[in-house]
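The values are calculated or read from the model by the stated rules, or taken from the named source; none is laboratory data. All values reported here derive from a predicted model rather than from experimental measurement. Cβ placement follows ideal geometry from the backbone for every residue including glycine, while neighbour counts extend to all protein chains displayed. The area values use the complete protein model at the heavy-atom level, side chains included, leaving out ligands, DNA and RNA. Shrake-Rupley method; radii C 1.70, N 1.55, O 1.52, S 1.80 Å.
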Amino acid sequence: MKKVLVFVPSYNCQNQIAKTISNIETYFSKYLDQVLVVDNGSTDTTVKNAHDYLKNSSLKSYKILSNQENYSLGGSHKVAFNYMIDNEFDYLVTIHGDNQGDIKNLISIFENLEYVKYDCMFGARFHPKSKLINYSKLRIIGNIFFNIIFSILLRSKIYDIGAGLNIYSKKFIEKKIYLNFPNSMMFNPYLHFYSYLTKAKKIFFPIDWKEEDQISNVSFFKDTLNLCKIV
């Protein structure tokens, strides 16, 4: 049996964190060995709400880590990847704590053991079979534009370079090259590009993605500028 860690990065998502963990418990608990919440210096009750839910849940194993300051999304990924390697997990699932992604999208992938065929599997908001709910039209246009640009540069079809529902194998990250990547929101694009440069076995899969009462941590214009610099 493969040892699976579910990593939940969180930052000021007190209204969504319990729902995110509840969905993991309800729909995905039989496929995982441990849930790891990495909080990025939340100033609200995110950590308390996560702890209150987990201590009363049926999940057998969980851990909550709190960064001393805000290291951004990339910094939290580095913490989780190090934890994965140190504790000898075979696969890591990422799902953001703000409940935008749907853990149910992974059920068939794990039920059919499809994930063991790949080094990494990237959830894609802009896959033809994906569903976007209340997502900004400006962000859709911007994302699709960069998906096309990077598809041309990498000579491979890219459906998304930064969604928050992904699967990584230990083999893909064990060299710890990710420690050289930025701590910012650009961490995910760098991780995607690394998978192409190393010819990792990968695939994009469709996901359901919604925006309701979440507070986005993405600065559209700042991240657009950073992606232009990468190009």
Residue under evaluation Val35, criteria (1) in a strand (DSSP E or B); (2) modelled with pLDDT under 95; (3) not polar (S, T, N, Q), criterion not met: (2)
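So which of Asp102, Asp98 ends up being farther than 23 Å from Glu114 by Cα, acidic (Asp, Glu), touching a strand residue (DSSP E or B) at 6+ places or on another chain (Cβ under 9 Å) and buried (at least 17 other Cβ atoms within 10 Å of the Cβ)?
On the way: Asp102 fails: farther than 23 Å from Glu114 by Cα.
After applying the criteria, what remains is Asp98.
Restricting the search to segment 83-101, which residues are within 16 Å of the chain's Cα centre (by Cα) and either without any contact (Cβ under 8 Å) to a residue 24 or more places away in the chain or part of a strand (DSSP E or B) (or both)?
Residues of segment 83-101 that are within 16 Å of the chain's Cα centre (by Cα), as a first pass: 83-84, 91-101.
Passing the criteria: Tyr91, Leu92, Val93, Thr94, Ile95, Gly101.
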Under 6 Å between Cβ atoms, which residue pairs at least 6 apart in sequence (or on different chains) link something in segment 198-226 that is assigned to a strand (DSSP E or B) and at pLDDT 70 or above with a partner that is of a type in the set (Val, Ile, Thr) and surrounded by fewer than 14 Cβ atoms within 10 Å (Cβ to Cβ)? Lys210/Ile133
One residue from Ser72, Ser108, Ser76 being polar (S, T, N, Q) and more than 16 Å from the chain's Cα centre (by Cα): Ser108
Just checking, how many residues over segment 29-64 are open to solvent by 20 Å² or more (accessible area, probe 1.4 Å) and either touching a Cys at 6+ places or on another chain (Cβ under 7 Å) or of a type in the set (D, E, K, R) (or both)? 8
